[in-house]
Structures are given as structure tokens and as C-alpha cells.
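Bear in mind these aren't lab numbers, they're just calculated from the coordinates by the rules spelled out. These numbers come from a predicted model, not from an experiment. Note that each Cβ is placed from the backbone with ideal geometry, even for glycine, and that neighbours are counted across all protein chains shown.
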Amino acid sequence: MLTVSMTVNGEPVSRDVEDSTLLVEYLREALGLTGTHVGCDTTQCGCCTIHIDGISSKSCTVLAAQVEGRSITTIEGLGKDGQLHPMQEAFRTCHGLQCGFCTPGQIMAGAELVRTWEGPLDEHQVREEMEGNLCRCTGYHNIVKAILSVHAETRGKVDA
Amino acid sequence: MYPFIYRRPKSIADAVKLFEAGEDASYISGGHTLLPTLKARLAAPTDMIDLAALPEMKGIEETDGGILIRGGTVHADVASSPLVQAKLPVLAGLAGSIGDRHVRHRGTIGGSVANNDPAADYPSAVLGLNATVITDRRRIAADDYFTGLYETCRENGEIVTGVEFPIPLSAGYAKFRNLASRYSLAATFVVRTEAGVRVAVTGAYNRGVSRPTHFEQALDADFSPEALDTLEIDPEDMLSDPAATAAYRANLVKTLARRAVARQGVVQTFK
């Protein structure tokens with residue numbers, strides 16, 4: 001067992017876990033934050049995408065111990081003060097989801113993409129940058145539309 | 001995963017000590033090859049020694065020999081490095097073509113070069129550019145470093161702390177991706193240097209990253225796609241799997257080599 005401490009959605013947390021605990025297991029099982037999903041568990045699907053110090057990562061392929069002391073943001077912490085994050089709002093407005101299983105990962109990926117992207121962003125670039133997030137309902141068209149709409153509105157100045 | 005003890009060394013020297021003290025220790029860097037391997041229970045290390053947070057393992061700098069990229073540097077940092085983009089843009093492009101955006105935020109050059117997956121991108125750049133692999137105990141020429149599928153000349157416990165890339169006259173990389181795995185079915189890295197042309201192929205050879213020297217000789221005489229017209233790659237040397245037969249890969253290697261010759265200075269990704 002190992003004590004692993006980090007900041008999750010702005011709150012300091014600390015839990016005793018097995019050394020081999022994955023970050024996604026720490027979030028879902030130790031902290032009960034089940035918004036981060038496990039789709040494939042093989043680093044393909046992106047349903048478990050979270051932010052480590054603001055940078056997107058697949059939490060099924062990171063050991064919890066490896067992010068000791070770091071700041072993690074999950075889908076539960078993306079919106080502030082009871083308001084949806086602009087990317088969440090855009091997914092709703094653009095109908096960027098069907099079953100919703102991949103949606104937390106898609107939104108975390110899209111929010112990080114828009115916040116960190118420098119310069120113009122077009123549909124082709126969004127599709128290339130989002131290829132690590134799979135949607136089995138084939139909802140890509142509206143996902144891309146949602147991400148482009150947030151980029152157009154904010155020019156990448158949204159905190160995520 | 002089988003259980004293991006997680007260990008956080010304070011330095012590279014400390015990491016080597018922990019490795020030697022462990023019963024069956026493993027290093028972890030980005031973990032994007034190792035953790036999927038452990039989940040599939042294909043390995044059972046007793047001690048997991050984390051190199052990812054060591055400051056000594058991070059960074060990109062200009063040296064007399066070219067560009068030094070330290071082993072723990074993630075693909076995204078190589079792709080976005082102004083130095084790499086200016087001096088060796090094909091390497092920046094190659095790093096930006098690995099896996100997907102999130103994978104590039106975690107995966108490291110040292111991990112890729114240490115693991116030597118037969119379809120990984122970095123080994124083709126290291127071999128094509130005749131780079132020097134730097135470890136905690138020596139400097140190794142690329143031609144001596146890669147020894148087979150997932151095999152290198154590293155000793156047990158030896159850490160890839162960096163790779164030093166010389167600057168070529170020009171270089172080009174052309175890859176054809178397996179859409180399911182995103183690894184290359186075949187990819188060719190073609191380099192022009194003062195000493196001659198070097199061609200390194202990943203994804204295709206059944207002995208891992210390799211140089212088709214007959215391609216190099218033909219391109220030394222005439223650096224044009226047509227110089228490869230009469231040459232063939234032997235399917236006997238190729239990997240074969242449900243995604244691509246050996247004969248298909250042999251043809252793909254030649255096609256991609258022609259394209260990398262035709263368009264030096266860029267990365268071309270086909271899928």
C-alpha cells in the first residue's frame with residue numbers, strides 16, 4: 001500500500017491505495033468520481049481522458065502514484081460555480097452526443113484542445129487532434145461542430 | 001496487473017541502485033507501452049521504478065553534435081520544440097505523428113527507444129539519422145544499438161537517458177498507418193548526409209528497424225524516386241499479419257521510400 005496525494009478539481013485529496021492503482025481507478029473507486037469512464041482500458045478510446053496540470057491524458061494508462069502532488073481535473077470539475085463549461089454547453093447545443101458514454105472524455109479532450117491550440121483551428125485539425133477519442137454512435141460531426149463553435153467564440157481563452 | 005512495489009528514485013544513479021536491489025525490477029517512464037503490457041499480464045515486475053519525474057531526464061538542447069533530447073521528454077514537447085522545428089523539422093513532425101494527442105502528452109523518446117517496438121516511429125529516425133543513444137553508462141551508435149524485435153544492446157538495468165541527433169542535409173519520413181492500432185504498417189525515414197544516403201524502415205521488417213542498404217546505394221548514385229524503380233524488398237524479410245501480408249509490406253516499403261525521397265523535409269502520413 002502507498003499513500004497517494006494530489007489535488008483533484010481544486011481539492012487536496014489523499015488515499016492509501018495499492019501501488020499498482022491506475023489513476024482512473026483512484027478517481028472512480030477511491031474518490032467516487034465516476035464521471036471519468038473506462039471504455040477500452042487499452043489506451044485507445046479516450047473515455048478516461050482527464051487533465052494533469054491542464055494537459056490531457058488517458059487516465060487508464062497512468063499510475064496514480066505517478067501524479068503524486070499534481071493537479072487533476074475531471075469532468076466533475078470542469079464547470080465552475082454551478083455553470084456548465086462552454087465545451088459542455090456547446091456539446092448540448094450542437095447535440096454532440098448520443099448515448100453519452102464517451103462524452104466526458106470527448107469534452108475533456110475538446111476543452112484542452114481549444115485552450116492550448118495556437119492559431120486558427122479548422123475541421124481537419126480538430127478531427128486529427130481528436131482521433132484519440134472514439135465514439136461508437138458515430139457522432140463525430142456534431143462533436144467537431146461543438147469544438148469549433150467554442151474555439152470561434154472564445155479564440156482559445158477559456159480556462160479548463 | 002500483478003502487484004508490484006512502486007519506487008520513486010531521486011536521481012538516475014538512485015534509479016539504477018533501486019533496479020539492482022529489486023528482484024525483477026522494471027523502469028517506467030510514460031508507461032504507454034508498459035502499462036498496457038502489464039494489464040495483459042504479459043510481464044510481472046516486482047519493483048516499478050519511476051523515471052518520469054526526474055529532472056535529469058527532461059529537456060532538449062543544442063550540442064556540438066546536433067540536438068540532444070533527454071530520455072524523459074514526451075513526444076508533444078519534441079513536436080512543439082522551436083529548436084527541433086528549426087533544425088530538424090522532420091523529427092518534430094515524426095514526434096507529432098505518434099499515437100494520438102493524449103498519448104503524445106505522456107509517451108517518451110527514451111521509453112520508445114528502449115522498448116524498440118518493431119512498429120514504433122522513433123527507432124527509424126534514430127537509425128536513419130545515425131543518432132547516438134546515450135545511457136547512464138555509455139554512448140552507443142544507432143547501427144550498434146538496435147539488435148532485433150524489442151531487442152537492443154542495452155544491459156540489464158541500463159537507462160536510455162537521451163538521444164543525440166546529428167543535423168542532416170535533409171530528411172523525409174513517409175508512413176502508412178494501421179487504422180486500428182495507429183502503429184505504422186510500414187514507414188521509411190530517408191536521410192541525405194555528407195557521408196551518403198541512409199534509409200531506415202520501421203513497421204515492416206521481421207528483425208525490427210532495418211536499413212535496406214541496396215536502396216541507399218542506388219540513392220547515393222541518383223537521389224530520385226526513379227532510382228528505386230528496379231529494386232525490390234524481399235518479402236521473406238517482412239512481417240506478416242492480418243492487416244498486411246509480407247508481399248504487401250514489401251511493396252509498401254518501396255512506395256513509401258520513393259515518396260520520402262520525393263518530398264524531403266516533411267512527414268507524410270497515409271491512412
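Tell me what chain B gives for mean residue ellipticity at 222 nm when only DSSP H runs of n ≥ 4 count, each as -39,500 (n - 2.57), the sum divided by the residue total, rounded to 500 deg cm²/dmol.
-8000 deg cm²/dmol
Would you list which lysines come within 26 Å of A:LYS80, measuring only between C-alpha atoms, while excluding same-chain residues fewer than 8 positions from it?
Partners found: A:LYS58, A:LYS145, A:LYS157.
Which whole-number percent gives the relative contact order of the stretch A:36-103, counting Cα pairs below 8 Å spaced six or more residues apart?
On the way: 68 pairs, mean separation 19.1, N = 68.
This gives 28 percent for the stretch A:36-103.
Give, in whole angstrom and from largest to smallest, the semi-axes √(5λ) of the equivalent ellipsoid of the protein assembly as shown, with λ running over the eigenvalues of the Cα gyration tensor.
Output for the protein assembly as shown: semi-axes of 36, 27, 19 Å.
For chain A, what's the relative contact order in percent, using C-alpha pairs closer than 8 Å and at least 6 residues apart?
24 percent
Considering the stretch B:43-109, what Rg and Dmax in Å follow from its alpha-carbon atoms?
Radius of gyration, then largest Cα-Cα span, for the stretch B:43-109: 13.3, 43 Å.
Under the rule a/c < 1.5 gives rounded, and otherwise a/b versus b/c splits prolate from oblate, where does the stretch A:77-116 land using the Cα gyration tensor? If you can, show how the numbers build up before the last one.
On the way: a/c = 1.60, a/b = 1.22, b/c = 1.31.
Because a/c hits 1.5 or more and a/b fails to exceed b/c, the stretch A:77-116 counts as oblate.
Give the residue list of trypsin sites (Lys or Arg not before Pro) in the stretch B:23-71 that are DSSP loop and have at most 12 other beta-carbon atoms within 10 angstrom.
Sparse-neighbourhood loop trypsin sites (Lys or Arg not before Pro): B:ARG41.
Which ³J(HN,Hα) values, rounded to whole Hz and listed in residue order, are derived for the stretch B:109-117 from phi using the Karplus coefficients 6.51, -1.76 and 1.60 in 6.51 cos²θ - 1.76 cosθ + 1.60 with θ = phi - 60°, glycine and proline given as x?
These are the phi-based 3J(HN,Hα) values: 5, x, x, 5, 6, 5, 6, 6, 4 Hz.
How many angstrom separate the Cα center of the stretch B:86-143 from the Cα center of the stretch B:1-27?
23 Å
Taking each residue in A:147-155, count the Cβ atoms of any other chain within 10 Å of its Cβ, then average. What number comes out?
Across the residues of A:147-155, the mean count of other-chain Cβ atoms within 10 Å is 0.
If you count, for every residue in A:63-74, the Cβ atoms of partner chains within 10 Å of its Cβ, what is the mean?
3
In square nanometres and to one decimal, what's the mean projected area of the convex hull around the Cα atoms of chain B?
13.6 nm²
Viscosity 0.890 mPa s, temperature 25 °C: Stokes-Einstein D of the stretch B:106-183 from its Kirkwood Cα radius, in µm² per second?
Values: Rh = 13.2 Å.
Estimated diffusion coefficient is 186 µm²/s.
Taking a quarter of the surface of the convex hull around the Cα atoms of chain A, what do you get in nm²?
That works out to 8.8 nm².
Return the long-range amide H neighbours of B:THR152 (sequence gap of 5 or more, or a different chain), with a cut-off of under 5 Å between placed amide H atoms.
Hits under the 5 Å cutoff: B:THR147.
What stretch of chain B, leaving out the sites themselves, is the longest with no GluC sites (Glu not before Pro) in a DSSP loop having at most 15 other Cβ atoms within 10 Å?
So the longest stretch without any such site is B:24-154.
With θ taken as phi - 60° and the coefficients 6.51, -1.76 and 1.60, list the Karplus ³J(HN,Hα) couplings across the stretch B:60-76 in order, rounded to whole Hz; mark glycine and proline as x.
Per residue, the Karplus-derived 3J(HN,Hα) values read 10, 8, 7, 10, 4, x, x, 10, 9, 10, 6, x, x, 6, 7, 4, 5 Hz.
Report the paramagnetic label zone for B:THR269: residues of the stretch B:85-117 whose backbone N is under 18 Å from a point 7 Å from Cα along the Cα-to-Cβ axis.
Once the point is set 7 Å along Cα→Cβ of B:THR269, B:85, B:89-109, B:112 turn out to lie under 18 Å by backbone N, inside the stretch B:85-117.
What is the distance in Å between the Cα centroid of the stretch B:193-271 and that of the stretch A:98-160?
36 Å
What does the average come to when, for each residue of peptide B:38-47, you count the partner chain Cβ atoms lying within 10 Å of its Cβ?
1
How would the stretch B:102-258 be classified by its alpha-carbon gyration tensor: rounded, prolate or oblate, with rounded meaning a/c under 1.5 and the a/b versus b/c comparison settling the rest? Walk me through the intermediate numbers first.
Working: a/c = 1.81, a/b = 1.25, b/c = 1.45.
Taking the square roots of the gyration eigenvalues as a ≥ b ≥ c, the stretch B:102-258 is oblate.
Give a residue-ordered list of calculated ³J(HN,Hα) values for the stretch B:212-220 (Karplus: 6.51 cos²θ - 1.76 cosθ + 1.60, θ = phi - 60°; whole Hz; x for Gly, Pro).
Rounded to whole hertz, the list is x, 5, 5, 5, 4, 5, 5, 6, 4.
Under the classification rounded if a/c is under 1.5, otherwise prolate if a/b is larger than b/c and oblate if not, where does the stretch A:70-160 fall, given a ≥ b ≥ c as square roots of the Cα gyration tensor eigenvalues?
Working: a/c = 1.40, a/b = 1.08, b/c = 1.30.
Because its axes are fairly even, with a/c under 1.5, the stretch A:70-160 counts as rounded.
So what's the net charge close to A:ASP122: Lys and Arg +1, Asp and Glu -1, counting the other residues with Cβ under 12 Å from its Cβ?
With Lys, Arg at +1 and Asp, Glu at -1, the net is -2.
To one decimal place, what orientation-averaged projected area in nm² is obtained for the convex hull of the Cα set of the stretch B:48-191?
Numbers: hull surface 33.6 nm².
Answer in nm², one decimal: 8.4.
List the GluC sites (Glu not before Pro) in the stretch A:27-135 that DSSP assigns to loop (not H, G, I, E or B) and whose Cβ has at most 12 other Cβ atoms within 10 Å. Which are they?
A:GLU118
Name the residue farthest towards the positive end of the dipole of chain A from the options A:ILE107, A:VAL38, A:THR3, assuming +1 on Cβ of Lys and Arg, -1 on Cβ of Asp and Glu, about the Cα centre.
A:ILE107
Please report the antiparallel percentage of the DSSP beta bridges confined to the protein assembly as shown, to the nearest 5.
Expressed as a percentage, antiparallel bridges in the protein assembly as shown total about 80.
Exactly which trypsin sites (Lys or Arg not before Pro) in the stretch A:64-160 are in a DSSP loop and have at most 11 other Cβ atoms within 10 Å? Mind dumping the intermediate values first?
Numbers: sites: A:ARG70, A:LYS80, A:ARG92, A:ARG115, A:ARG127, A:ARG136, A:LYS145, A:ARG155, A:LYS157; in loops: A:ARG70, A:LYS80, A:ARG136, A:ARG155, A:LYS157.
Hits after loop and neighbour filter: A:LYS80, A:ARG136, A:LYS157.
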